[in-house]
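Undergrad: Have a look at this one.
The values are calculated or read from the model by the stated rules, or taken from the named source; none is laboratory data. Because the structure is predicted, anything quoted here is derived from the model rather than measured. Cβ coordinates were reconstructed from backbone atoms using ideal geometry, including for glycine residues, and neighbour counts include every protein chain displayed. Just so you know, the surface numbers come from the protein's heavy atoms only, side chains and all, with ligands and any DNA or RNA stripped out. Shrake-Rupley method; radii C 1.70, N 1.55, O 1.52, S 1.80 Å.
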Amino acid sequence: MRLNISTFSIALVGGFALFMFVLWCLSLLVLVDRQNQQHAVTFRQNLHGQVLQLQQKQRLWLQSQYYLLNTLAESPSERHKFQTFLWDYYQRNPSIWAVNLVEFDERGNPVSRSSKPGCLQPGQMHRDDFDDYLVPQISSCRIDDKALLEIAGPVAADGDALVLLVSMDYFDFLNEFYSLSGRRLERVADNEGGFQFHEFGLTANATNRVVIPIGDTVTVAGELHLVLQSVTFWGLFERQAGIVITVLVAASSLVLLLLYFSLLRPLQELTEKMRLAAGKPQQGDSSRGVEVMPGLRHLHDDFNALQQSAKRDPVTGLNNRVIFEDRLAQAIREGKRSGRRYALVLIDLRGLTDFAHQHGQYIVDALLRQVADGLQKSLRESDHVARFERNLFALLLEVQRRDQLNTLVEKIYLSVVRRHQLYGREFDLNAYFGVAIYPEHAADAGDLYQHASDALVRAEHSDWPIQYFRDADAVTDTSGFTLIQSLRRAIEHDELKLVFQPVVDLASYDTVYLEALLRWKDEDKHDVSIDHTIRLAEQNQLIKPLTNWIIEAACRFVSECDIEGIAIGINLSMIDLHDRRLPERIDTYLRRYQVRPGQIVIEITEGQIMQDPDEVVDVLAHLGVMGLSLSIDDFGTGQASLTYLKELPVEKLKIDQSFVRDMTTNPDDQLIVRATIELAHTLDLKVVAEGVESLSTCDLLAEMKCDYVQGYYVSRPLEAEQVATWFETSVKPDLVRKGR
Ligand code: C2E
Ligand code: MG
Ligand code: MG
C-alpha cells in the first residue's frame, strides 16, 4: 500500500490521539482506586467525628432530660406541657414507628407494659394513648427487624422517674451504610427487656475491625448522616469523557491544520511547481513558469556554489584533491585511448610552519596563494594543478617530450623555490618535487600517485630536490648534505676555480671572449658536475656567494692577466637575475679590479628570461646600460620570445650545442641552426655556435655565415695559466691547418 504524506500525517495524528485516549483510560483506573481509598478514609473520619458529636449531644440530652423529669415530677402542669410537646414531636417525625411503655417494679427492674413488642403503628396512636404510654416510662423495641422504637425510656433509679429519649432509626442507617460501602455494620449487642446497649462494628475486614460505641451505658439520642462516596471507572469515564474527547479532537485538528499549512500545502505547491517546471509550459500559462523558474534557478545556483566550495581549496582557490584525482583518472583513461603521456608532479613546500610561527598564518596563506598563482601561470591549458594538503601541491602535466618535461619541471621548481616578497618582507621558500610518468612508471592512477610519493621521499633525502621515479639519470645519489657543506667551505676558502673556453671569430680567428666555466673538486678530488653544483647552490641559498666568487674571480683574472682587449663571459644563475642589486654587485668588482664593463659578457639562458620577464628584463636592461654585453646561452632549448630579444640589449645568441654537435649528419639540426643564424642576423645579433667538435661542423657554420664558434675543436676550456699562451699564438693551429 502506498502512503502519501497527507494520509500519513492523518494516521500519525490519529494514532497519537488514540494513544492519548488509552493513556487517559489507564489513568482513570488508577484515579478510581486512589479516590476510593481516599473516600474510605474520609468516611471513617466522618463517622468517627459524627459519633463523637452524637455522644456529645447525648450528654446534653441526658442533662436536659434529667432537668425535665425533675420539673415534671414536681409540677403536673409542666408534665402536661411536656406530653403536648411529645405528641407534637411524634407527629412531626414520621420515622417514629411505635411507642413502648416500660414500667419498673418495686425492685427497680424494668417491666414492659405493652402486651406485645411492636406496639402501635405510626398514625395509629392517639393522643390519649400517647399520654398513657408516656407514663411512667417509654422504652424501645424492635419491629420486624426493621425499625427501632424511636421513643424510649431509660433506667430510672427511683421508679417514679420518667425519662424520654429519642433515638435514631439505626437499622435504616445500617442498610444504607451497607449498600454504600459494601461493609456490614452490625448491631453486636443488645440488652434484654428493651434497654439498648449498642455497639457498631465494621466487620468487612476482620483485621481492621473498628468498634464505635455510641452508647454502652445510656440510650442514644441523635442522628447520623453518613454517606460513603464510591467512585467507579464508568462513573468517572462518563463524567470526564466529554471534555477529554473534545480536547483530543480539537488538539488533533489543530495539529493537522498546522501540519497542513506549514508542511503539506507548501509541499503540494512545490510538487505542483516542479511538475509544471518539468513539463513544457503551456501556452498562456507563462506566468506560472516565470514564478517557478527563479526559485529553481536559486536552488540550482546554491547547489553549484556548494559544489564549487566542495571542490576548491579555500586558501588558494585551486582544485582540491578530490577533483584532482578525478582529473588524473580521466587523463589516464584518455592516455589509454590516445597514447598520451602524463606526468604527476607532487610538490612538498618546506618552511611554512616556521613562517607561520614567526610571521603569522596570514603570511603562509599569502605565500601559498603566490605559489598557486606561479604554478597556474607556468601551466598550459591541458595541465592541472591542485592543493592537496597544507604543504602539498600536485600537478598533472601532459608530456610530449621527456626533455621538455624536465625543462618545464625545473622552470616550475624555480618559480616556487625563490625569494618571495610579501608585505615588504622576503621569504626564501624551499620545496621538493617527486615526479612519476604515465605510462612509463605506472599504468593506473593509484600506482602513479604512489610512485610520485616515493620519488618525493627520495627528493627529501637526496641532494637534488627534483626526483623522478626510478630515474637513474636524474642525479647521482651522493650525500647532498655533505656536498653543500663542502661547497660552502670551498667558497669561503677559495677552493673553486675557473677555466676559460675561447669563443672565436670564424672570419678573423680572433678570440672574441673567454667563457669562464666553474670547476670544483669535492673532498675526494673528483670533479663535481657543474650543473649540479649550480642547482645545489640555488637550492641552499648559496648562489649569491658563489656568483660573487665567480664574478670576483673573473674580474681578478682580467686585471691580472693583462691581455689587451680580453673579455670574459660569465654565466649567471636564474636567481642572480632576480636580484635587483646584481648590477651594483658587478659594479663593485669592476671597480675593485679596474675592469671595463665592455670586458664582461653576461651569458643567460632563455628559460631565465621567460621565468619572470618583467623583473629579469629590468635587471638585464640595467646591465646593458652599464655597458656589459649580453649573450643568450643554449638558444633553442627554451622558449625565448622574440619580443624580449628585441627589447633587451642582447648582442649575441649562442646556439645550443645539442643542435650543433650533429648538424653535419642531421638535416633537422642543420635546418634549425641555419634558421637561427638567419633570424639572429635579421635582429642584428651575432651568432655563436657552441659545442663545435669537428672541422666539418666548423666549415658548415662558416658556410652558414655563423659569426663565432666555441667548442673542443677550437679549444677545450683552458686553465688560467694557459690563457696567455692562447693569446700569444696569434693564428690558431687547427684553423691554420685548414688554411683559414
Ligand atoms: P654552458 O654555459 O652552456 O657551458 C658550456 C658547457 O659545454 C661547458 O660545460 C663546457 O665545458 C661544455 N663544452 C664546451 N665545448 C664543448 C664541446 O665541444 N663539446 C662538449 N660536449 N661540451 C663542450 P660545463 O663547464 O660543464 O658547464 C655546464 C654548464 O654549467 C654551463 O653551460 C653553464 O650553464 C653552467 N656553468 C658553468 N660554469 C658556470 C658558472 O660559472 N656560473 C654559472 N651560473 N653556471 C655555470
Ligand atoms: Mg655559457
Ligand atoms: Mg651553453
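Undergrad: Can you compute log10 of I(q)/I(0) for region 524-709 with the Debye formula, treating each Cα as one identical point scatterer, at q = 0.12, 0.20 Å⁻¹?
TA: -0.63, -1.40
Undergrad: Moving on. With the other protein chains left in place, how much accessible area per residue, in square angstrom, belongs to region 524-709 at a 1.4 angstrom probe?
TA: On a per-residue basis, region 524-709 sits at 43 Å².
Undergrad: Another one. Quick one: with all protein chains in place, what share of the accessible area of region 367-465 is carbon or sulfur, to the nearest percent (1.4 Å probe)? Write down the numbers at each step before the final one.
TA: Values: 1910 of 4230 Å².
About 45 percent, which is the carbon plus sulfur part of the accessible surface.
Undergrad: Based on the mean of other beta carbon atoms within 10 Å per residue, what is the order of 695-703, 420-428, 650-658, most packed first? Display every interim value, and only then the final one.
TA: Values: 695-703: 17.4, 420-428: 12.1, 650-658: 21.9.
So the peptides 695-703, 420-428, 650-658, ranked by packing, come out 650-658, 695-703, 420-428.
Undergrad: Say the cut-off is 32 Å between C-alpha atoms; which of Lys521/Lys686; Lys411/Lys686; Lys497/Lys652 go over it?
TA: As for pairs spanning more than 32 Å Cα to Cα, those are Lys521/Lys686.
Undergrad: Same structure, new question: Considering amide H positions built from the backbone, and no H for Pro or chain starts, which residues 5 or more places from Arg341, or on another chain, come under 5 Å of its amide H?
TA: It is Val399, by chain and number.
Undergrad: May I pose another question? Tell me, what is the FRET efficiency for Glu719 and Glu678 to the nearest 0.05, using R0 = 45 angstrom and their Cβ-Cβ distance as r? List each step's numbers first, then the result.
TA: Details: r = 37 Å, r/R0 = 0.82.
About 0.75, to the nearest 0.05.
Undergrad: Take peptides 240-249, 666-675, 506-515 and line them up by average Cβ neighbours within 10 Å, highest first, as a rough protection proxy.
TA: Values: 240-249: 12.6, 666-675: 15.1, 506-515: 20.0.
Ranked from most to least packed, the peptides come out as 506-515, 666-675, 240-249.
Undergrad: Moving on. Non-local amide H neighbours of Val687 (under 5 Å, H modeled in plane, Pro and chain starts lacking H): which ones?
TA: Leu653, Asp707, Tyr708
Undergrad: Between beta-carbons, use under 10 Å as the cut-off and find the net charge around Phe393, counting Lys and Arg +1, Asp and Glu -1.
TA: On the way: positive: Arg387; negative: Asp313, Asp348, Glu389.
Summing Lys and Arg as +1 and Asp and Glu as -1 gives -2.
Undergrad: Another question, if that's okay. Charges only on Cβ, +1 for Lys and Arg, -1 for Asp and Glu: so what's the dipole of region 308-476 about the Cα centre, in debye to the nearest 20? Write down the numbers at each step before the final one.
TA: Values: 23 positive and 24 negative charges, 99 e Å.
About 480 debye.
Undergrad: Moving to a separate point now. Tell me, what % of the accessible area of region 524-709 is carbon and sulfur with a 1.4 angstrom probe? Present the calculation step by step, with values, prior to reporting the outcome.
TA: Numbers: 3760 of 8080 Å².
Answer for region 524-709 is 46 percent, counting heavy atoms of protein chains only.
Undergrad: P(r) tail for region 317-469, what percent of Cα pairs lie past 20 Å?
TA: Values: 5392 of 11628 pairs.
Counting every Cα pair in region 317-469, those more than 20 Å apart make up 46 percent.
Undergrad: If you don't mind, another one. Might you tell me the accessible area per residue for region 308-476, computed with a 1.4 Å probe and given in Å²?
TA: Per-residue accessible area for region 308-476 comes out at 47 Å².
Undergrad: Sort 400-411, 30-41 for me by packing, meaning the mean count of neighbouring Cβ atoms within 10 Å per residue, highest on top. List each step's numbers first, then the result.
TA: Numbers: 400-411: 15.5, 30-41: 13.4.
Ranked from most to least packed, the peptides come out as 400-411, 30-41.
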